[in-house]
Amino acid sequence: MVQGEIRVVPLSEAGQAERACPCMTEGPVPWAQALDACRRWMAEHAGRTVDGLHLEDAGQVVAHVYYTASEEALIPYRVEPGVAVVHCEWVQRRHQGKGYARTLCHSLARHAAAQGYKGILVAATDDEQCMHHRHFECRGYRILAVAGPMHLLYLPLTQATVDVQPLPLRIAPRRSPPVEVIVFTGGFCPFEAATGQLAVDVAREFGRRVALTAVPASRRALDQYGVASGVYVNGTRMPGGEPEEAIRRAIREALERAEGR
């Protein structure tokens, strides 16, 4: 689609994966290593584990929507086959208010319909800054379920309803030493990838007092753990984007509890 200098292009188009994650290029890149790793992952998995659309303004990628088929989606839900699952949508702040999110939404619906998807599912949030559920509701998505901050929404294309069930988390809390740190690696999100990279380095500082498991993000991981992203310290998930010292503190506090101090 072309509108003057505005262009929507598939992630699979040559060179687009190397320009992925415009959320990280609005200013100085805070997690350059994580961004590079995610772009490599995108290049390797584009068209299979992840699809998407980029919106270019004057040749610069300034917005994106990333999605995949429900059979490959790495979200903690079991979704019936043939549904497109949105993982992430973002418009750079300086370009918000121009209608770019709506343009991407309409483009995604056309692409998904052309690819034969029954509808589009999204796990939105109550965070005003990121994937807020109201942004999708105003475009015709309807709420299926709400669990804490997560809002599951669906946009029908050829099928009015969708069968979707939450997966149980299969990472049990621990109380005895060593502290268990499970890190899911890979994926498209630099925000989470940076936390994972830091968590691996910090966990190694504690030697044998910490049992570190690094798990590549995949459907196999989802089936085994019920999740395929994030960092878990003794069964508790760390928020994405946590700084190094926060991760170190979380492990240290878990050690103190496990060792009875």
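The values are calculated or read from the model by the stated rules, or taken from the named source; none is laboratory data. Quick caveat: nothing in here was measured; it's all calculated off a predicted structure. Ideal geometry is used to build each Cβ from the backbone, glycine not excepted, and the neighbour counts take in all protein chains shown.
Applying the criterion of being touching a residue at least 60 places away in the same chain (Cβ under 8 Å) and surrounded by fewer than 17 Cβ atoms within 10 Å (Cβ to Cβ) to the residues of the stretch 83-97, the residue that is farthest from the chain's Cα centre (by Cα) is Arg94. The single residue among Pro166, Pro190, Pro177 that is in contact with a Pro (Cβ under 9 Å, 6 or more places away or on another chain), at pLDDT below 95 and more than 28 Å from Trp31 (Cβ to Cβ) turns out to be Pro166.
Residue count for the stretch 74-102, restricted to those that are farther than 22 Å from Leu144 by Cβ, out of contact with any strand residue (DSSP E or B) (no Cβ under 7 Å at 6 or more places or on another chain) and not in a loop (DSSP other than H, G, I, E, B): 2.
Among the residues of the stretch 104-127, the ones that are at negative phi and either surrounded by fewer than 18 Cβ atoms within 10 Å (Cβ to Cβ) or touching a helix residue (DSSP H, G or I) at 6+ places or on another chain (Cβ under 7 Å) (or both) come to 12 in all.
Of the residues His133, His106, the single one that is closer than 20 Å to Leu11 by Cβ and without any contact (Cβ under 8 Å) to a residue 24 or more places away in the chain is His106. In this structure, is Arg237 more than 30 Å from Ala20 (Cα to Cα) and surrounded by fewer than 22 Cβ atoms within 10 Å (Cβ to Cβ)? Considered against the rule, which asks whether it is more than 30 Å from Ala20 (Cα to Cα) and surrounded by fewer than 22 Cβ atoms within 10 Å (Cβ to Cβ), Arg237 comes out as no. Name the single residue, out of those in the stretch 193-248 being in a strand (DSSP E or B) and in contact (Cβ under 8 Å) with a residue 60 or more places away in the chain, that is farthest from Trp41 (Cα to Cα). Among those that are in a strand (DSSP E or B) and in contact (Cβ under 8 Å) with a residue 60 or more places away in the chain, it is Thr236. Of all the criteria given as (1) crowded, with 17+ Cβ neighbours inside 10 Å; (2) in the same structural domain as Cys23 (by TED's automatic domain parsing); (3) not acidic (Asp, Glu), the one not satisfied by Thr158 is (1). Restricting to the stretch 153-165, what's the tally of residues that are more than 17 Å from Cys105 (Cβ to Cβ) and within 23 Å of the chain's Cα centre (by Cα)? Total satisfying the criteria: 4. For the stretch 139-151, the criterion of being touching a strand residue (DSSP E or B) at 6+ places or on another chain (Cβ under 8 Å), surrounded by 22 or more Cβ atoms within 10 Å (Cβ to Cβ) and either part of a loop (DSSP other than H, G, I, E, B) or free of Cβ contacts under 8 Å to residues at least 12 places away in the same chain (or both) is met by at least one residue.
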